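The values are calculated or read from the model by the stated rules, or taken from the named source; none is laboratory data. Predicted model, so just to flag it, every value in this text is computed and none were measured. A quick note on method: Cβ atoms are made from the backbone with ideal geometry, for glycine too, and the neighbour counts reach across all protein chains shown. For the accessible areas, the whole protein counts, side chains as well, though only heavy atoms, and no ligand, DNA or RNA atoms are used. Shrake-Rupley method; radii C 1.70, N 1.55, O 1.52, S 1.80 Å.
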Amino acid sequence: MGRIDRKTELVPGTLDMLILKTLARGPMHGYGVAQRIQQVSGDVLDVGEGSLYPALQRLLVNGWVAAEWGVSENNRRARYYRLTAAGRKQLAVEAEIFARVIGAITRVMQEA
Amino acid sequence: MRLLRVWRKLQFLARRREFDAALEEEMRFHLDMAAGKDLVAGLSPEEARYAAQRRFGNATLAREASREFWGWAWLDRLGQDLRYALRTLRANPGFTTVVVLTLALGIGANTAVFTLVDAVLLKSLPVKNPEELYVLGYDFGQRPFSTYQYQNLRDRNAVFSGVCAFRPWRFGVAANGPAELAMGQLVSGNYFSMLGVNAVLGRTITNEDDRVPGANPVAVISYGYWERKFGRDPAAIGRSIKIQGRPFSIIGVTPRDFFGTEPGRAVDVTVPLMMMPAVMPGTLLLTERGAAWLRLMARLKPGVPEPHARANLQVVWAQILATEEQGWRERGQRIDLMPGGKGLDQLRRQFSRPLQLLIGIVSLVLLIACANVAGLLLARAAARNHEFTVRLALGAGRLRLLRQLLTESILLALLGGVAGVALAWWMDRVLVAIMSRGAPQLTLNAGPDMRALAFTVAVSIATGVLFGIAPAFRAMKFDVNSALKAAQPALAAGGTRFGSLMLVCQVAISCLLIIGAGLFVRTLRNLHAVDAGIRKDHVLLVSIRPGVAGYQGAGALAIYRNLYSRFSGLPGVQSVTLSMDTPLGGLSYGTGITVPGRAPQPGDHVSVYHNFVGPRFFETMGTPLLAGRDFSSRDDENAHRTAIVNESLARHYFPGVNPVGRRILLGNNDDAEIVAVAKDTKYESLRGPAPRMVYRPYLQVNDASASGASEEMWFAIRTFGSPAGLNSVVREAVRAAANDLPVYSLLTLDEQVDATLVQERVLAILSSCFGALALLLAAVGLYGRLAFAVARRTREIGVRVALGADPLSVAWMVFRESLAVVFAGLALGTCAALATARLIVSLLFGMRAADPLTYLIAAITLVAVSTFAAYLPARRAARVDPMVALRYE
């Protein structure tokens, strides 16, 4: 189980991309984003809260996501994040870079 | 994109608290959800919550990390540091006060001296492009030129964009009341335009105003004068004032910071050159070919190199000289171009050396102050060991700690700077007062200005960093574990050595300053003890210029006679006399003499000066006549010429014989009979020998070749009581004699003599004050260090006493520590004094720079003060109760 947190980030810089991708499906609160990533990755990627929220703030500062207060499933106040147009663009950019990098790594590994 | 980011960040700053609360709530929500999930998975509520919290990790860190993206972190940290520093300072009021005061003294003194130095030495005139300005002079000085020379120089040069002329003068001005003497000047029409000075109200003098003699009675007044006399009333323009009794109309006001072209002499009223006959009546300076009365300043044409200008000027001057009389050609072949950006340098020449020395002194005082504060901070840092170790153990970064300590130091320094500015303002007034005593109207706009303020801030910050670094570094070199464990944290050996070194330096600097102070004070005393050949107490000097009110020749003599009898009739008057020159007031007229029948000898070239005096001159001045009789009222313009000579002249021209009854030939071969020999009197300065003097009766002045000798006469009134008490009745008497005749100067002989000692007095007073200050600071430093050492070694002392040590020997042990420091400092300071002795030799009088008595006194003073400083801690050490000391941790 790979734990994505600040100290041992396996693939640095991908957390932002993962969050953006998750939010592309629709607005979600922080906990929801973490849960989703964990589910979809088959429990491989476990986003620690210690890195989730700083990452969300970073995305907010850069204007890639926007936040609003809403009501959660169990009737509690929660903050919902949603992807902005700029965020969508950023997602595309990061996904492309990531794909290129992964492709390159894969090629190297396959060659041996 | 960047802009939007910044905009968002700014929003964060505005709503910080909301943000924090929101984040908190969000995290709590997350925590609850996670706990809920665990609950579903089968854990008990408490376990679930506990598991969630564990998973959450360092919530605080997460929060901080989140915030970091929003805030400007450094701004946050700075704010935190400042708040913490303020709290710490307020918690230790005694410490803070001592430190701030010490710094205020050091920084304030530096700022005060810098402001003065700036005003006198550094500041450029408040005119346009002062670096292009030059002062013209010849004969190696800034000597005056004649109207003819000025006009020719102005019109025939090829290198200046303008040459202007001006002449300082003091006129009687009646603005809103009776006539008072005001600082004034006459200027050429292009003066203001050449300097680039525009009026803030009305207009300045132009070439039009300066065309026809006497045609334009216009005047420009200074801002200060406008404020004082007209209350800044805009209707002052067009108002009529009386200058020397004649109506002038005010046409403009100059800017606030413009004071003319001579630092230290602020001009209030300016009139055109062509109005000279109205303002200086009875003189023909404007038209007379040989009258040198104008000072010239010129502005170099842009792009002309200075040597080129000098060459061209020399050529033009040679052409002018060719048309002048022989006498001119002898005097001034060489015309000089001196940088004029700072104005005429009368003031600079007088105070340049003392001011430079002063800068050195106050810098040293500041260094001592810094060393003291550093010592205090080090001691306090040692006391804060515990606080530092805890913070380090809690995870504070070392760099953060260092930064916080530096912030504290700089804050202290800035506080000291603020207090220092207030102190500097006060000190400047005192300094100017000291420098002005006796000197007529020294006006320095020495208020705190931007440069001085910037200087202070820079010095404060530098000081803060300087004394803050040592303790900060010490705090960083910390071994957390051992410090937490040790009951009484031990001071590293390195720290003590550094402290000792600083203390030695402090003592050395104090020693140096005390020696300097001793030398200057003794110089002043030596000068005071010089026999000037007079009795300077109880004499009032009154200067009268009849020419100013239009009296000439015989008319002037009549005025003098009139005043003489009036003054003699005043109450409390012992005797009255008058003379052209007064002792220590300078000499105006000199010409060679010859003795019929005597061959020329080596040493004849030394100038012989003439002084025209009234009856009872020697009696009033307190100069004994060594042979012969005094002048009487019979020695008037109808009697044959008489003269009195002084000792020096008699010794040189009549060695070994009594000159009374002999004849001498004066300048233009007029012969005079010597009727007495007077004791030598000093006329120019107390240093140096008395000049050779020939005294002549004042009534015989007009037939002498001294042109303008009746221009000004000084009355001397010896009183029974205080001479200054006669001021008002003297003015009354003068007004009664001639209504429009102002009193030109009024001072006592004492003040006049004192005025020649301004430099020495300034140095003596200031070096004593700063020397004492330095000594005090060093003593405080010594005391602090010893007290701290005793406190630190209480246990050790307790052990010693318990083992049977004699309290006296314990006290001696403490005392011994200070002795080493004091003697090292003494040795260092004495060597420094000897090494720098050469620098101040020219300022001393009557002693060598390595005067042993002064050094001895300084050494004794130093040892005495340090003994006193060490006494209390030593006593405390002797009183240590071993029972208490051993138990107390």
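Key figures for this structure:
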read-out: Column: log10 I(q)/I(0), Debye, Cα scatterers of the stretch B:75-219, q = 0.09, 0.12 Å⁻¹; value: -0.57, -0.74
read-out: Angle between chain B longest axis and helix B:73-91 axis [Cα atoms, degrees, rounded to 10]; value: 80
read-out: Charged-residue dipole, Cβ positions (Lys, Arg, Asp, Glu), the protein assembly as shown about Cα centre, Debye nearest 20; value: 2460
read-out: Sites A:Glu111 and B:Arg497 - FRET efficiency at Förster radius 51 Å, r taken between beta-carbons, to 0.05; value: 0.20
read-out: Distance (nanometres) between label positions extended 7 Å along Cα→Cβ at B:Val884 and B:Ser543; value: 7.0
read-out: For A:77-90, mean number of other protein chain Cβ atoms within 10 Å; value: 1
read-out: For A:Ala78, residues with placed amide H under 5 Å, excluding near neighbours; value: A:Gly70, A:Val71, A:Ser72
read-out: Percent of Cα pairs exceeding the 17 Å cut-off, where the set is chain A; value: 57
read-out: Cut-off under 5 Å, modelled amide H: who pairs with A:Met28 long-range; value: A:Tyr81
read-out: The stretch B:780-836 - charge dipole about Cα centre, Lys and Arg +1 at Cβ, Asp and Glu -1, debye rounded to 20; value: 180
read-out: Chain lengthening between B:Arg203 and B:Leu819 when straightened (0.36 nm per residue, less Cα-Cα); value: 214.7 nm
read-out: Accessible surface of the stretch B:85-204, 1.4 Å probe, proportion on carbon and sulfur as whole %; value: 53
read-out: Förster radius 51 Å - calculated FRET efficiency between B:Ala832 and B:Ala599 (Cβ-Cβ, nearest 0.05); value: 0.40
read-out: Amide proton proximity set for B:Ala627, modelled H, under 5 Å, gap of 5+; value: B:Val677
read-out: Nearest 10 degrees, 0 to 90: helix B:2-14 Cα axis against chain B principal axis; value: 80
read-out: With every protein chain in place, the stretch B:809-857: carbon and sulfur % of accessible area (1.4 Å); value: 76
read-out: Volume per residue that the Cα convex hull of the stretch B:714-819 spans, once the total is divided by residue count, Å³; value: 187
read-out: Net charge of neighbours whose Cβ lies under 14 Å from the Cβ of B:Phe617, counting Lys and Arg as +1 and Asp and Glu as -1; value: +2
read-out: By average C-beta atoms within 10 angstrom, highest first, the peptides B:783-796, B:766-779; value: B:766-779, B:783-796
read-out: Overall Cα dimensions of the protein assembly as shown, principal axis frame, Å, largest first; value: 138, 87, 61
read-out: Within 10 Å of each Cβ in A:44-53, the average number of Cβ atoms from other chains; value: 4
read-out: Sum of side-chain charges, B:Val729 neighbourhood, beta-carbon under 12 Å (Lys, Arg +1; Asp, Glu -1); value: +2
read-out: Total lysine pairs whose alpha carbons fall under 27 Å of each other in chain B (8 or more apart, or interchain); value: 9
read-out: The protein assembly as shown - mean residue ellipticity at 222 nm from DSSP helices (-39,500 (n - 2.57) per run, n ≥ 4, rounded to 500); value: -17500 deg cm²/dmol
read-out: Sites B:Ala422 and B:Arg848, calculated FRET efficiency, Cβ-Cβ separation with R0 45 Å, nearest 0.05; value: 0.65
read-out: Whole-Hz ³J(HN,Hα) from phi, Karplus 6.51 cos²θ - 1.76 cosθ + 1.60, for the stretch B:504-516, glycine and proline x; value: 4, 4, 4, 4, 4, 5, 4, 4, 4, 5, 5, 4, x
read-out: Where labels lie 7 Å past Cα in the beta-carbon direction, separation of B:Ala433 and B:Met450 in nm; value: 3.1
read-out: Dipole magnitude (debye, nearest 20) for chain B, charges at Cβ of Lys, Arg, Asp, Glu; value: 2480
read-out: Using θ = phi - 60° and Karplus 6.51 cos²θ - 1.76 cosθ + 1.60, couplings along the stretch B:673-689 (whole Hz; Gly, Pro as x); value: 9, 7, 10, 6, 10, 9, 5, 4, 10, 8, 10, 9, 8, 6, 6, x, x
read-out: Antiparallel content of DSSP bridges confined to chain B, in %, to 5; value: 75
read-out: Accessible solvent surface per residue of the protein assembly as shown, calculated while the other protein chains remain in place, 1.4 angstrom probe, Å²; value: 47
read-out: Angle in degrees between helix B:758-792 and the longest Cα principal axis of chain B, rounded to the nearest 10; value: 20
read-out: Buried accessible area, chains B and A (both chains, 1.4 Å probe, Å² to nearest 100); value: 2500
read-out: Distance in nm between pseudo-label sites at B:Leu625 and A:Val93 (7 Å out along the Cβ direction from Cα); value: 10.8
read-out: Selection from B:Leu31, B:Leu649, B:Leu394 lying farthest towards where the dipole of chain B points positive, charges on Cβ; value: B:Leu31
read-out: Highest to lowest packing among B:25-36, B:563-574, scored as the average C-beta count within 10 Å; value: B:25-36, B:563-574
read-out: Vicinal HN-Hα couplings computed from phi for the stretch B:878-885 (Karplus, 6.51 cos²θ - 1.76 cosθ + 1.60; Hz; Gly/Pro x); value: 5, 8, 4, 8, x, 4, 5, 4
